[in-house]
Amino acid sequence: MSWWSRLLGGRSDDELKPQRLDYLSEALVLEKQGDYDAALTSYRLALRDKPDDHRVLMNMAIAYSRLNRLGEAERCYRRVLEVKPEHAGAHYGLGFLLIKRNDRGAAEQHLEAFLNAPGKSAQEANVEHVRRALADLRSPHPENGEDPVQPGT
């Protein structure tokens, strides 16, 4: 289309092509605004294009965790580990979810996997947090029934 036609109100061929939304970027913005439900909708749309995208699945797991929808978060973490068995972040998140469920043995396995994950880009604070959690898991159970390991401490 010529510049003259565009000047008079015509449209270029590029403008007529439908634009694909970047659902992942949209979801990240929504999550930053605290709208986790809307973010999850965008993450689901992003998964339609790439059902095995571990980045999207990880972000979904985190959003579900923040909404206290722990069963769905666990399923997302497990799906990440199907796609990328060595994914340090999925082992970390799943380990602490399992602590909340009081599944100490499975939690210990995932936290160990986090520490042994090749090429993890974890911050030293996360490594120390996991080491403390593992030490607590391996210590005798408290008599009062409270779990000594608290995520995020």
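The values are calculated or read from the model by the stated rules, or taken from the named source; none is laboratory data. These figures come from a predicted structure and were not determined experimentally. Heads up, the Cβs are rebuilt from the backbone with ideal geometry, glycines too, and the neighbour counts pull from every protein chain shown.
Output yes when any residue across the range 98-106 is touching a residue at least 40 places away in the same chain (Cβ under 8 Å), crowded, with 22+ Cβ neighbours inside 10 Å and either farther than 16 Å from ARG55 by Cβ or outside the structural domain of LEU47 (by TED's automatic domain parsing) (or both), and no when none is.
yes
Please find, among LEU57, LEU97, the residue that is touching an Asp or Glu at 6+ places or on another chain (Cβ under 8 Å) and assigned to a helix (DSSP H, G or I).
On the way: LEU57 fails: touching an Asp or Glu at 6+ places or on another chain (Cβ under 8 Å).
Selected residue: LEU97, the only one of LEU57, LEU97 that is touching an Asp or Glu at 6+ places or on another chain (Cβ under 8 Å) and assigned to a helix (DSSP H, G or I).
Taking into account only those residues within the range 1-47 that are at pLDDT 95 or above and in a loop (DSSP other than H, G, I, E, B), which is farthest from ALA61 (Cα to Cα)?
GLN33
Determine if the range 103-126 includes at least one residue that is modelled with pLDDT of 95 or more, under 13 Å from the mean Cα position of the chain (by Cα) and farther than 22 Å from ALA46 by Cα.
No, every residue in the range 103-126 fails to be modelled with pLDDT of 95 or more, under 13 Å from the mean Cα position of the chain (by Cα) and farther than 22 Å from ALA46 by Cα.
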